[in-house]
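Asks: First the structure, which I've put down as structure tokens, then a few questions once you've had a look.
The values are calculated or read from the model by the stated rules, or taken from the named source; none is laboratory data. Predicted model, so just to flag it, every value in this text is computed and none were measured. Note that we place each Cβ from the backbone using ideal geometry, even for glycine, and neighbour counts take in every protein chain shown.
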Amino acid sequence: MPLSQRTVGLIAQAASEFGHASLSTELLKAGIADGDPGQLDRAGKSIARDKRAAAAVKDALAKKRWPELLALADTVLNRLASQGEMPSWATELGLSLRADGYDAIAVETEDEAPGFWGSPTAKRTWKISPLGDEDVPLAANATALAADLKSRGMDIAANHFDQAFQSLMAGRWEAANGQLRATYEDVLIEVARTRFGWTGNSGGQALDVLHGKKALNDHEHDYLKGLWGMSHTNGSHPGMSNQTEAQIRMQAIVAAIRFILNGVV
């Protein structure tokens, strides 16, 4: 989905808070460094950071490089608005992203106090995603699932899920569907192996094992098996999916995996 000039301007404003060296690095990582004029002009005079950031994002805007701009937005939020008081631009950026069809969700946690007399500090982890259903916010559920997978050591599933989420954010609907299916399968296999010592490698068979061992009742098994079958369709090949379908799949499978991790394991 395209981003408005206001959103892009706020991203540039935030990025200009980086030092020159960090700004160069973050523009490279986001993939929009080709629009950066660098620290010095042709006469050898220094170019201000705000002008560098503005030039880079303006070039990306002209080329409609939405995923790259969103990647930079994610970086500035997580690097510059993750601790202490939230800067005013972070609130404005969140509202502007929402107007463009994206959620910018901040999940707050407390770091442990440094030493006996220290006080814990609040830390935010930001996640940007296409707006999901208002009653079941996509970004909040996705962030919770990512934390669940990592805390349980399911690194392969976590990697698949991160790729699925990034593909969804970038509008690659079929790629998102395919990576989401891989996430679902890896979780099913890992749960069956961990709970019951199963040695197979099929998501559908893993569901049958969980059902046979009474970890899932008939209704739960039938629902999750139907979702497993649905996850095999409309992936990989461009043109087979769309934004609405991909978001619905994400909502359904994220909810199913969270149910499995918090109800079966």
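Asks: How many residues are at pLDDT 65 or above and among the charged types (D, E, K, R) when one looks only at the stretch 110-130?
Replies: Residues flagged as at pLDDT 65 or above and among the charged types (D, E, K, R) within the stretch 110-130 amount to 3.
Asks: Turning to a different aspect of this structure: Being under 18 Å from Arg6 (Cβ atoms) and in a loop (DSSP other than H, G, I, E, B) is the requirement here; does Lys58 meet it?
Replies: No, not satisfied.
Asks: Is it fair to say Lys45 is farther than 26 Å from Val107 by Cβ, loosely packed, with under 13 Cβ neighbours inside 10 Å and in contact (Cβ under 8 Å) with a residue 60 or more places away in the chain?
Replies: no
Asks: To continue, here is another question. Please name all residue pairs, on different chains or six or more residues apart, with Cβ atoms under 6 Å, provided the first residue is in the stretch 206-231 and is at pLDDT below 95 and polar (S, T, N, Q) and the second residue is assigned to a helix (DSSP H, G or I) and surrounded by 13 or more Cβ atoms within 10 Å (Cβ to Cβ).
Replies: Ser231/Arg181; Ser231/Tyr184
Asks: Got a number for residues in the stretch 74-89 being modelled with pLDDT under 85 and under 16 Å from Ala12 (Cα atoms)?
Replies: Within the stretch 74-89, residues that are modelled with pLDDT under 85 and under 16 Å from Ala12 (Cα atoms) number 4.
Asks: Of all residues in the stretch 20-50, which are within 13 Å of Val76 (Cβ to Cβ) and not in a helix (DSSP H, G or I)?
Replies: Ile32
Asks: What are the residues in the stretch 154-189 that are among the small types (Gly, Ala, Ser) and crowded, with 24+ Cβ neighbours inside 10 Å, if any?
Replies: Across the stretch 154-189, the qualifying residues are Ala157, Ala164, Ala176.
Asks: Moving to a separate point now. Looking at this structure, is Gly178 in contact with a Gly (Cβ under 6 Å, 6 or more places away or on another chain) and farther than 14 Å from Ile257 by Cα?
Replies: Answer is yes for this residue.
One line per residue, one yes/no per condition, for (1) small (Gly, Ala, Ser); (2) more than 23 Å from the chain's Cα centre (by Cα); (3) at pLDDT 90 or above:
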| site | (1), (2), (3) |
| --- | --- |
| Leu10 | no, no, yes |
| Ser22 | yes, no, yes |
| Ala33 | yes, no, yes |
| Asp41 | no, yes, no |
| Ala62 | yes, yes, yes |
| Glu68 | no, no, yes |
| Ser96 | yes, no, no |
| Tyr102 | no, no, no |
| Glu108 | no, no, no |
